[in-house]
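Structure first, then comments.
Read-outs: derived from the displayed coordinates by stated rules, not from any lab. As the structure is a prediction and not an experimental result, all values here were calculated from the model. Please note: Cβ atoms are built from the backbone with ideal geometry, for glycine as well, and neighbour counts cover all protein chains shown.
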Amino acid sequence: MEAHRTDEFARRTQAPGLTVLVAAYNEAEALPLLHPRLQAVLDGLAQDGLSGRVLYVDDGSRDATWTVLQSIAATDARVALLRLSRNFGKEAALTAGLDHVGDDAVLILDADGQDPPELIPQFVAKWREGFDDVHGQRQAREGETWAKRATAHAFYRVIGRLSRTPVPADTGDFRLLSPRAVAALRQLRERNRFMKGLFGWVGFRQVAIPYVRAARSAGQTKFNFWRLWNFAIEGITGFSTAPLRAATYIGLLTALFAFLYAVWVIVKALAWGDPVAGWPTMMVVILFLGGVQLIALGTIGEYLGRLYEEAKQRPLYLVDAWRPARGVSSGQVPAQGHDDAHGTPPARIESA
Ligand code: UDP
Ligand code: MG
């Protein structure tokens, strides 16, 4: 037994395993479809000598997600479960997951089957080649509206231009991160959790794997237009101060225009006299300036709000339940007495 433990320890310290991290919010219908596919993939990887686990993060679901997850974990010793105290949003759920994967490499996957688990071996192959961030790059999106595809396209182009660190186009959260990339990400405790930007900030060796994004297997998308719009603003303000500068330039341009106009008014009055005051012109100028000022104020407010959020230093998420995986390799007999649904979370939940 002792010898076995030492072997196990040696193997683990030499070669990190892989944890598939899935954030799930109201995915009771999709998870039973996803898990068998993941199991098949993990079995294949195990034959290749890579021990795989799955960590499901229940992001405060209101449906039967947690019950479904518990029955999945009961039949599969490789499954770890984490439940947040409420819905914190996908980005926070992923952060919680990254805090709980130990020294493993992590593969992030959507619960709805849009990111095909069957591609995982390709990601692993790139990781073994020495890449730290292997990300799926969507070649096509199935089952998504034209409007969503168009806005997503525009968003990636805008953020790609504005951001100071690279945000690869058409890249979602479907990616594999090496242990050192995970460790680096864990250090980023900012409240503005635009993960696509954070991944880019970390750097290291990155490579894209083209794939076709499938349609949702079951259930509804959690991101309506409004949520996506706010997400886009988060992304832009979190990774670029260009809007602040734009406000300055617009102000400068307006001032220049006003100055030229004043010169023109004086010249006109001197040359031809000015018997009637230009009421419409005045209204246009006042309204225009008012609008520009409000935009600039709003932009400043957006960044001020972010400062306020950071200054509060609240935890990024709260853990309700943590249930570690009972075993690592497939076919292993589950250890007894480890059904620790309310165990203490090993990772810090404060902002380190
Ligand atoms: N998700 C989450 N918390 C949320 C919203 C979504 O954990 O507050 C998860 C969701 O369960 C899914 C993934 O994030 O696994 C992507 O969500 P969705 O499929 O709704 O987004 P879309 O693919 O439409 O962009
Ligand atoms: Mg989806």
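Could you check which residue among 199, 155, 174 shows the biggest mean-square fluctuation in a GNM of the chain with a 10 Å Cα cutoff?
Fluctuation is largest for 155.
Suppose only helical runs count, i.e. DSSP H with n ≥ 4. What mean residue ellipticity at 222 nm does that imply for the chain under -39500 (n - 2.57) per run, divided by all residues and rounded to the nearest 500 deg cm²/dmol? Provide the component values of the computation, followed by the final result.
Numbers: 11 runs with 174 residues, N = 352.
Value at 222 nm, helices only, nearest 500: -16500 deg cm²/dmol.
Below 8 Å between Cα atoms, with a sequence gap of 6+, how large is the relative contact order for the chain in percent? Spell out each step's value before the answer.
Values: 533 pairs, mean separation 78.1, N = 352.
Relative contact order of the chain: 22 percent.
Between residue 225 and residue 294, 0.36 nm times their residue separation minus their Cα-Cα distance comes to what?
Details: separation 69, 0.36 × 69 = 24.84 nm, distance 2.43 nm.
So the chain would gain 22.4 nm between residue 225 and residue 294.
Quick one: grab the alpha carbon gyration tensor of region 87-133, order the square roots of its eigenvalues as a ≥ b ≥ c, and give me rounded if a/c is under 1.5, else prolate or oblate depending on whether a/b is larger than b/c. Walk me through the numbers before you get to the answer.
Details: a/c = 2.92, a/b = 1.37, b/c = 2.13.
Oblate.
Could you check the simple spin-label distance between residue 304 and residue 62, using points 7 Å along Cα→Cβ, in nm with one decimal?
My value for the distance between the label points is 3.4 nm.
With labels modelled as points extended 7 Å from the Cα through the Cβ direction, what inter-label distance (nm, one decimal) is found for residue 189 paired with residue 43?
Taking the simple label geometry, residue 189 and residue 43 are separated by 4.3 nm.
So how far, in whole Å, is the C-alpha centre of region 196-236 from the one of region 82-100?
16
Out of the DSSP beta bridges found with both residues in region 116-241, what percent are antiparallel (nearest 5)?
35
Whole percent per 20 Å bin, from 0 to the bin with the longest distance: what is P(r) over all C-alpha pairs of the chain?
Going from the shortest bin to the longest, the percentages are 26, 49, 16, 8, 2, 0.
Pick from 136, 172, 301: which residue has the top mean-square fluctuation in a GNM of the chain where Cα pairs under 10 Å get a spring?
Of 136, 172, 301, the most mobile in the Gaussian network model is 301.
Can you compute 3J(HN,Hα) from phi for each residue in region 290-304, using the Karplus curve 6.51 cos²θ - 1.76 cosθ + 1.60 with θ = phi - 60°, rounded to whole Hz and x for Gly and Pro?
For region 290-304, the Karplus-derived couplings read x, x, 4, 5, 5, 4, 4, 4, x, 5, 4, x, 4, 6, 4 Hz, x marking Gly and Pro.
In whole angstrom, how far apart do the alpha carbon centroids of region 122-193 and region 245-274 sit?
Rounded to whole Å, the Cα centres lie 46 Å apart.
With a ≥ b ≥ c taken as the square roots of the eigenvalues of the C-alpha gyration tensor of region 40-150, please select rounded if a/c is under 1.5 and otherwise prolate if a/b is larger than b/c or oblate if it is not? The partial results should precede the final answer.
Values: a/c = 1.60, a/b = 1.04, b/c = 1.53.
In terms of gyration-tensor shape, oblate.
Which length gain, in nm to one decimal place, applies between residue 268 and residue 128 when the Cα-Cα distance is subtracted from 0.36 nm times their residue separation? Kindly include the intermediate steps, with their values, before the conclusion.
Details: separation 140, 0.36 × 140 = 50.40 nm, distance 7.47 nm.
Going from the current span to full extension adds 42.9 nm.
Does region 120-235 come out rounded, prolate or oblate by the C-alpha gyration tensor, with a ≥ b ≥ c the root eigenvalues, rounded set by a/c under 1.5 and, if not, prolate when a/b is larger than b/c and oblate if not?
Judged from the Cα gyration tensor, region 120-235 comes out oblate (a/c at least 1.5, b/c at or above a/b).
In a GNM of the chain with a 10 Å cut-off on Cα contacts, which of 291, 44, 113 has the highest mean-square fluctuation?
In the Gaussian network model the winner is 291.
Let me check I've understood the local charge: for residue 134, count other residues with C-beta under 13 angstrom from its C-beta, Lys and Arg +1, Asp and Glu -1. What total comes out? All intermediate terms of the calculation are to be shown ahead of the outcome.
Working: positive: 126, 128, 175, 205; negative: 115, 129, 132, 133, 173.
So the surrounding residues net to -1.
Compute the acute angle (0 to 90°) between the alpha-carbon long axis of helix 120-129 and the principal axis of greatest extent of the alpha-carbon atoms of the chain; round to the nearest 10°.
Helix 120-129 and the main axis of the chain meet at about 90 degrees.
Count the DSSP beta bridges whose two residues both fall in the chain, then state the antiparallel fraction as a percent rounded to the nearest 5.
On the way: 11 of 37 bridges.
Here the antiparallel bridges make up roughly 30 percent for the chain.
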